[in-house]
Ligand SMILES: [Zn+2]
């Protein structure tokens, strides 16, 4: 079993202040989180930077990802290291994700920029039921949606500042192997949790 933060923004998202170097330092300095997905807004540049910086640390897994601002709301793609071709309709982005074997997650469906009830019209693989930046009620609605759709629920901090890193996490029944992680998310071998210890260290 591993713990993963499946939703993190670096400096390459223009609304985040997390430097890739700081992220990697924080990640290797703590024992709780084994994998992180880099999900910058509409770019994968941050992922490549983090991957390069973490390459000397094979015990942590950097999951390639992206948070795509579709016309109807945000979609997280996990397991993909390229930007989907435009136009970014939900349908196009999901088709692209399928073609590259990525996992599609409806990000914070009931918060601003979420897909809301529209999520039900699409074939997503999982619902973000615990988003570190969302109010309790939004997460509760997302949890309900996941149950209704019979889909796995995942968690991500949606960190834009270092202090927010892995405030919540997804427990995944998998090793640190990327393919195993993606498969386990798709098949629902996941459970969400809150971090109880101080999540970042002063470095
Ligand atoms: Zn986000």
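Taking 0.36 nm per residue of separation and subtracting the Cα-Cα distance, full extension of the segment from residue 45 to residue 137 would add 29.8 nm.
Strictly greater than 16 Å: what percent of every Cα pair in the stretch 3-45 meets that? Before the final figure, lay out the partial values.
Values: 307 of 903 pairs.
The calculated P(r) of the stretch 3-45 puts 34 percent of pairs beyond 16 Å.
Against the chain, whose longest principal axis comes from its Cα atoms, helix 90-100 is set at around 60 degrees.
Over its Cα atoms, what ratio of radius of gyration to 2.2 N^0.38 Å does the stretch 35-97 give?
Details: Rg = 12.4 Å, N = 63, 2.2 N^0.38 = 10.6 Å.
In units of the 2.2 N^0.38 Å rule of thumb, it is 1.17.
With all pairs of separate Cα atoms included, the stretch 67-138 yields a Kirkwood hydrodynamic radius of 12.1 Å.
What do you get for the angle between helix 45-54 and the principal long axis of the chain? Use alpha-carbon atoms, 0 to 90 degrees, nearest ten. The angle comes out near 40 degrees. Summed over qualifying helices (DSSP H, 4 residues or more, each -39500 (n - 2.57)) and divided by its residue number, the chain shows a 222 nm mean residue ellipticity of -8000 deg cm²/dmol.
What is the stretch 2-194's relative contact order, in percent, from Cα pairs under 8 angstrom and six or more apart in sequence? Please report the intermediate quantities before stating the final value.
Working: 480 pairs, mean separation 41.8, N = 193.
Averaging sequence separation for qualifying contacts and normalising by length gives 22 percent for the stretch 2-194.
Extents of the chain, taken as max minus min of Cα coordinates on every principal axis and listed largest first, are 44, 34, 31 Å.
We did not get these values from a lab; they are worked out from the coordinates using the rules stated. Quantities reported herein were computed from a predicted structural model and do not represent experimental measurements.
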